[in-house]
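Everything below concerns the one structure shown next.
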Amino acid sequence: DRQTLVAVLQFLRRSNLRESEEILRREARLLGDDLGGTVATVATSSPGVAAVAAVPPGKGEARGHCGFAPSSRREPREVGSSVLLSVMLGYKVGGTVVVEDQPDVSAVLSAYNQQGDPTLYEEYYSGLKHFIECSLDCHRAELSQLFYPLFVHMYLELVYNQHESEAKSFFERFHGDQECYYQDDLRVLSSLTKKEHMKGNETMLDFRTSKFVLRISRDSYQLLKRHLQEKQNNQIWNIVQEHLYIDIFDGMPRSKQQIDAMVGSLAGEAKREANKAKVFFGLLKEPEFDVPLDDEDEEGENEEGKPKKKKPKKDNVGSKSKKQDPNAPPQNRIPLPELKDSDKLDKVMNMKEAARRVRLGPECLPSICFYTFLNAYQGLTAVDITDDSSMIVGGFADSTVRVWSVTPKKLRSVKTAADLSLIDKESDDVLERIMDEKTASELKILYGHSGPVYGTSFSPDRNYLLSCSEDGTVRLWSLQTFTCLVGYKGHNYPVWDTQFSPYGYYFVSGGHDRVARLWATDHYQPLRIFAGHLADVTCTRFHPNSNYIATGSADRTIRLWDVLNGNCVRIFTGHKGPIHSLAFSPNGRFLATGATDGRVLLWDIGHGLMVGELKGHTDTIYALRFSRDGEILASGSMDNTVRLWDAVKAFEDLETDDFTTATGHINLPENSQDLLLGTYMTKSTPVVHLHFTRRNLLLAAGAYSSQ
């Protein structure tokens with residue numbers, strides 16, 4: 001319709017969207033500058049400009065996907081056109097183009113809110129369903145991935161265009177066909193029955209503005225394209241173009257098992273490109289320093305042989321770290337804090353403990369010591385244990401942070417300034433003298449937050465403690481004075497987790513605002529903001545080399561971020577529920593993740609692949625920890641059990657050839673039961689934290705629940 005086209009072109013010109021204007025002119029074969037000129041009509045089977053402006057079939061393939069613009073890196077000039085298109089399709093995108101104040105244009109564009117006959121939506125969908133169910137087995141599994149995103153978009157389109165009864169009948173007829181792991185999303189969807197409901201709903205906003213990613217083999221894709229073109233089914237083709245990102249690969253189609261293992265997140269799978277970047281997953285070289293011998297004698301081990309036997313071991317540790325790990329980042333890639341004398345002393349202690357460490361394995365399982373919080377009527381919400389296992393902290397729903405000493409040594413504060421001025425600073429035991437004996441106690445309570453405390457983390461040097469809360473702040477506490485030093489304000493909503501870097505100084509936090517932030521203790525503003533998740537960031541973890549941060553989210557994905565530049569270098573999909581625990585293996589190569597679906601998934605960071613699945617828990621997994629040498633993975637869950645898994649066996653003989661890496665044809669071994677080394681029940685105490693001591697004793701913690 002010429003009048004309409006002219007109005008749209010004028011609108012584009014007024015909005016300075018030259019690029020889009022050109023595209024539309026070309027498509028409409030309207031080349032002269034005179035807007036009043038004749039317009040060749042465009043044949044399209046359903047009313048709407050979508051067919052005019054969308055990329056004609058076939059043009060998108062060169063880019064490896066079909067759609068209007070490469071969704072990952074949209075050039076600014078393309079945004080204008082795609083936003084306009086979205087408005088034409090009756091989808092307002094993030095309010096970027098405001099049509100309200102242009103009455104003449106909004107009258108014209110209202111024609112496109114109606115994208116097809118609402119009564120035919122069920123027919124379109126069931127037609128596609130019939131086609132997919134009748135296709136060959138090898139294609140059926142892959143094409144079935146289309147059901148869910150198409151179902152959601154068609155339903156939203158009906159609701160947006162105020163066809164409430166059609167939307168309701170569409171939902172009732174087809175919602176039962178969707179995979180079981182989308183049930184929670186469908187529950188949210190079923191409550192959106194009016195156009196007004198859609199405005200404030202974040203989940204649905206995400207669904208409309210981010211492209212749902214499907215990974216499909218070229219053969220299956222060609223089959224689908226041919227079908228939709230023959231049927232003249234523009235309705236579905238437009239949604240595919242506009243809202244889906246089809247990641248096409250060459251090779252065999254994937255099986256149902258292979259697809260099921262990888263799907264289930266809010267935005268589909270990760271694009272293969274997302275996991276191609278190089279990741280330096282190796283460990284940094286340990287600094288070298290001499291181990292003083294006199295320390296040995298102080299411990300009262302007077303056997304002459306002892307120190308001599310141990311000395312070669314120390315050299316051994318030194319020599320092992322002299323070789324640079326080929327996969328390690330350059331030592332100075334990110335600035336790390338200098339080692340203080342006290343840190344060196346601690347490293348020495350650590351080496352001594354390591355010399356007495358128990359080698360774990362299937363034949364030698366760790367003892368487990370369980371700390372039960374009794375009468376925790378304040379509601380235990382977070383736990384952490386210091387690296388040397390001397391202190392334990394609990395975060396509570398009554399907004400307190402409580403620190404306990406778990407050794408005979410009591411917790412003491414530093415003396416007041418007046419008393420400190422009297423101390424002889426040259427004396428050998430000055431560090432003892434500055435402590436005030438009158439303050440000694442087993443428990444210290446820290447007040448300051450104004451909401452439940454959801455995350456706690458000790459600094460590696462045990463001088464500081466972090467806590468994050470529902471009140472939107474992260475607080476840094478001194479363990480010398482047991483007072484709050486800083487309140488970091490950056491999140492506007494609850495902060496679900498926080499963790500110190502293994503080298504101290506840096507820490508990470510993640511919250512309801514869907515971003516993770518990297519901080520340094522001496523900056524009150526974040527150094528990096530990691531944005532990309534589509535829902536709350538529920539847990540955060542530093543890689544052992546401190547160059548990367550892993551975040552788990554309620555969008556059911558795990559992302560790995562580069563601290564240096566803030567880029568997302570890995571996206572892992574496969575969990576069917578929000579992620580609540582993360583653990584890196586001590587060698588930095590692997591990541592274990594646990595979620596509300598009761599599964600532990602294992603990932604190879606270098607190749608960006610899922611390499612294992614541990615099934616056994618029946619409820620959310622809140623705690624994961626590798627033993628000090630990485631032979632055993634411990635998992636703790638709301639099902640009141642701690643389970644031990646054989647990590648060595650889980651990671652041996654991995655199939656990480658180039659083909660698997662390129663196409664994601666993963667073959668998960670069905671050997672969860674062979675890898676399970678033991679299950680240990682608690683007395684109705686959900687497990688919220690696990691920690692291996694330096695000698696490989698496993699400490700677990702949780703609050704007894706009487707229900």
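Computed from the coordinates by the stated procedures, all read-outs in this text should not be read as laboratory data. All values derive from a computational prediction rather than experimental measurement. Virtual Cβ from ideal backbone geometry, glycine too; neighbours counted across all protein chains shown.
Run the quick spin-label model on residue 358 and residue 370: label points 7 Å from Cα toward the beta carbon, then report their separation in nm to one decimal.
1.7
So how compact is segment 578-622: Cα radius of gyration and Dmax in angstrom?
Values for segment 578-622 (Cα only, Rg and Dmax): 10.4, 30 Å.
Any idea what diffusion coefficient segment 118-269 gets from Stokes-Einstein, in µm²/s, Kirkwood Rh on alpha carbon pairs, 25 °C, 0.890 mPa s?
Here the translational diffusion coefficient equals 155 µm²/s.
Report D for segment 119-171 in µm² per second (integer): Stokes-Einstein, Kirkwood Rh on Cα pairs, 20 °C, 1.002 mPa s.
For the chosen part, D equals 183 µm²/s.
Which FRET efficiency, nearest 0.05, do residue 10 and residue 478 yield, Cβ-Cβ r, R0 60 Å?
E(calc), rounded to 0.05, equals 0.40.
Give 576/615; 415/444; 285/344; 344/649; 271/649; 168/199 a once-over and call out the pairs whose C-alpha atoms are over 23 Å from each other.
Flagged as over cut-off: 344/649; 271/649.
Given a Förster distance of 56 Å, report the FRET efficiency between residue 618 and residue 438 from their Cβ-Cβ distance, rounded to the nearest 0.05.
Here the calculated transfer efficiency is 0.70.
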